[in-house]
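Participant: Just passing along the structure, written as structure tokens.
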Amino acid sequence: MTDREPAPIIPPKPQLSPRKLRRERGKAERQRRAELSRLQRAERNGELHFDAETGTVYHGHRVVAAEDLRAAFDEDPELEPIRRNHRRWHRLSLALVAGLLIVVTVLAILVWRGVIVLPVATPTAAKTEFCPSGSFEYPANISVSVNVFNSTMRTGLAATLASELKKRGYRVLKVADGKVSTSAPGVIVSGSAGQAAAFNLQRNLPGLEYRHDDRTDNTVDVYLAAAFDGATPANKVDRNPGKLICAAASPKAAGN
């Protein structure tokens with residue numbers, strides 16, 4: 001029997017200086033805090049994994065195992081036809097909505113490009129039997145507010161006249177299509193407050209008849225007919241006092 005070799009003598013670790021001891025303790029504390037922070041962060045994000053049986057309560061919540069989930073979400077053969085019909089109707093509804101959106105988009109593009117013209121109410125020069133008998137002074141063009149309507153098939157007729165009136169100082173409010181029935185070059189319409197302004201325009205637009213309506217403001221409507229041939233040159237406009245020429249002067253100038 002041989003004698004065992006004596007165990008090696010391990011010298012004790014040298015005692016750390018107070019400075020190194022504080023450093024080691026600080027390092028250990030930082031590691032502990034980092035590990036604690038990591039565990040808390042993993043718990044908040046649901047990253048903690050542990051083995052637990054069904055029914056285990058963890059932090060006040062009951063643990064559900066994979067077997068429970070499979071049992072809860074197993075397909076029921078009796079419910080499959082209902083689910084299939086639901087999916088079919090869902091796909092059909094989505095297809096109908098998509099088709100409706102496509103149709104609406106195409107119609108909007110066609111309307112925007114002018115291929116389809118939506119029906120809009122167009123103003124009409126009304127019939128009147130009233131004709132002012134008094135004489136009017138010629139007011140300044142800048143005091144006249146006028147709407148210009150094109151009742152012909154000539155594109156841009158109202159816009160051209162509106163541009164000319166603006167050059168002469170008139171305040172043009174609206175330029176659009178309108179309707180008028182007359183054999184004259186056009187019709188001028190106003191209420192009682194706008195009769196002087198209508199007289200002014202009649203001197204600038206030769207041959208237009210005057211018609212009265214019941215508006216209370218001083219605006220004037222100008223309806224251009226097929227016989228309209230342009231305004232009187234600005235330097236040749238008669239600015240002397242005078243009377244309005246009414247639709248009654250032309251038997252064929254009946255309004256709509």
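Each reported figure results from applying straightforward, stated rules to the coordinates on display, with no laboratory input. Just so you know, these numbers come straight off a predicted model, no measurement behind them. Don't worry about glycine lacking a Cβ; one is built from the backbone with ideal geometry, like all the others, and counts go over all protein chains shown.
Participant: Pull out the extension gain between E43 and L101, defined as 0.36 nm times the separation in residues minus the alpha carbon to alpha carbon distance; nm, one decimal.
Facilitator: 16.2 nm
Participant: From the backbone phi of the stretch 196-201, what are the Karplus-calculated ³J(HN,Hα) couplings (6.51 cos²θ - 1.76 cosθ + 1.60, θ = phi - 60°) in whole Hz, Gly and Pro given as x?
Facilitator: Coupling constants for the stretch 196-201: 5, 5, 5, 4, 4, 5 Hz.
Participant: What list of ³J(HN,Hα) values in whole Hz, one per residue of the stretch 228-243 in order, does the Karplus curve 6.51 cos²θ - 1.76 cosθ + 1.60 (θ = phi - 60°) give from phi, with Gly and Pro shown as x?
Facilitator: Along the stretch 228-243, the couplings run 5, 10, x, 7, 5, x, 4, 7, 10, 6, 7, 9, 6, x, x, 10 Hz.
Participant: Would you grab the residues whose amide H sits under 5 Å from the one on K243? Only those 5+ places off in sequence or on another chain, please, with H modelled 1.01 Å from N.
Facilitator: Sorted by chain and number, the residues that satisfy this are F136.
Participant: Turning to a different aspect of this structure: Dipole of the stretch 141-249, Cα-centred, from +1 at each Lys and Arg C-beta and -1 at each Asp and Glu C-beta, to the nearest 20 debye?
Facilitator: 320 debye
Participant: Let me ask another. Going by how many other beta carbons lie within 10 Å of each one, how would you line up S163, S37, fewest first?
Facilitator: Lowest count first: S37, S163.
Participant: By counting other Cβ atoms within 10 Å of each Cβ, how are T152, T232 ranked from fewest to most?
Facilitator: The most exposed by this proxy come first: T232, T152.
Participant: Over the Cα atoms of the stretch 141-248, what radius of gyration and what Dmax do you get, in Å?
Facilitator: Every Cα atom of the stretch 141-248 included, Rg and Dmax give 12.4, 35 Å.
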